[in-house]
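Here's the structure we're looking at; comments come further down.
Every number here is computed from the coordinates shown, using simple stated rules; none is lab data. All values derive from a computational prediction rather than experimental measurement. Glycine gets a Cβ as well: all are built from the backbone with ideal geometry, and neighbour counts include every protein chain shown.
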Amino acid sequence: MYTKNVDNVCHFQEQVEHLDLYLYDGNDKFIKKQYLPTNALSEGSRLLLDLAPGNYTAVVWANVKEEHFACTPGATLQDMKLDLKCPEDGHVTTDPGEILHGIASVTITEFGDQEHVVSMIKNTNRVHIVLEDITPISSYSAFSDNPYSLAITGSNGSYNYDNTLADGAALNYIPQYTIAGNTTQADFTILRIRENDDLQLTIQANGKEIHTERLATRLMENPRINGNDDFDRIDDYTLHYHLIQKEDGAHVVTLISINDWDVTHTGGGI
């Protein structure tokens, strides 16, 4: 099931296209992988496992596609790893899809069927950066239709069996841009956000860095986002900034809002 979301209702049917089930025995030895389209599940998104009595661990990844990810089951549970595929430069330019993870301990006895629930957590986030240049006359407008570029960088592309962050490559997420007048919107699809991760948001003007900050720290200025549990529930973020270009070429970037929370009413936002 997938209830850990902002609605607190199960969105499994709407979010999940297929599952990859990895099964390990009581000694954490890998047994098998099973591919499961959702139409192969019975009513209530149930799956009947034909297993001998014993203890098992079931690791489930949803919507993982081979063109975007490499999943290595390993010889043991501790060896399992999911890696986002990317070129050597670490640039992520494609949408990996709505990835979810679940894990459950399964005990099979000789006394009939037992039901075990796998609770899913989404690993994909949509981050929208709205950058509004409120300078009366932009000194950069003569050089470029869109002088601003944005990136989110960090090493959040690799995961262990339990969805904790594994060692992985440094990534540079490249957004899709929408330009309307003096406003630049950058839409990112990134993987899991953690309270103490290394994800950085960077803004450049004509190739020169003018602003950088830790993404998680900035998001947690919203009083509704208090840590990893909230990051697991929320998968869509919008940060709205005002930017002013000064006569000496410097830039002042001010955060205006995070989702529906107005930063300016609290005295923050620098």
Based on the Cα coordinates of the chain, what is the per residue volume of their convex hull in Å³?
143 Å³
Output the Cα-based Rg and Dmax of region 12-122 in Å, rounding Rg to one decimal and Dmax to a whole number.
15.2, 55
With an 8 Å Cα cut-off and a minimum separation of 6 or more residues, compute the relative contact order for the chain in percent.
16 percent
Which one of Ile210, Ala180, Asn226 is farthest out on the positive end of the charge dipole of the chain, using unit charges on Cβ (Lys, Arg +1; Asp, Glu -1) and the Cα centre as origin?
Ile210
Springs between alpha-carbon atoms under 10 Å, Gaussian network over the chain: tell me which of Arg194, Arg126, Arg224 tops the mean-square fluctuations.
Arg224
Once you have the Kirkwood Rh of region 208-255 from its Cα pairs, apply Stokes-Einstein at 20 °C and 1.002 mPa s and quote D in µm²/s.
169 µm²/s
Candidates Leu23, Leu49, Leu201: whichever shows maximal mean-square fluctuation once the chain is modelled as a Gaussian network with Cα springs under 10 Å
Leu49
Checking the cross-link filter: which lysines have an alpha carbon closer than 23 Å to that of Lys208, excluding same-chain neighbours under 8 positions apart?
Lys246
So for region 39-95, using the alpha carbon gyration tensor with a ≥ b ≥ c as root eigenvalues (a/c under 1.5 gives rounded; past that, a/b versus b/c decides prolate or oblate), I'd call it oblate
So what is the calculated 222 nm ellipticity per residue for the chain, using -39500 (n - 2.57) for each DSSP H run with n of 4 or more, over all residues, to the nearest 500 deg cm²/dmol?
-1000 deg cm²/dmol
Can you list the lysines whose alpha carbon is less than 20 Å from that of Lys32, not counting same-chain residues fewer than 8 positions off?
Lys65, Lys81
Separation between Cα centres of region 160-200 and region 1-73, rounded to whole Å
25 Å
Just for the Cα atoms in region 125-266, what are the lengths along the principal axes, largest first, rounded to whole Å?
52, 35, 24
Once Rh is set to the Kirkwood radius over Cα pairs, what Stokes-Einstein translational diffusion coefficient, in µm²/s, holds for region 8-57 at a temperature of 20 °C and a viscosity of 1.002 mPa s?
171 µm²/s
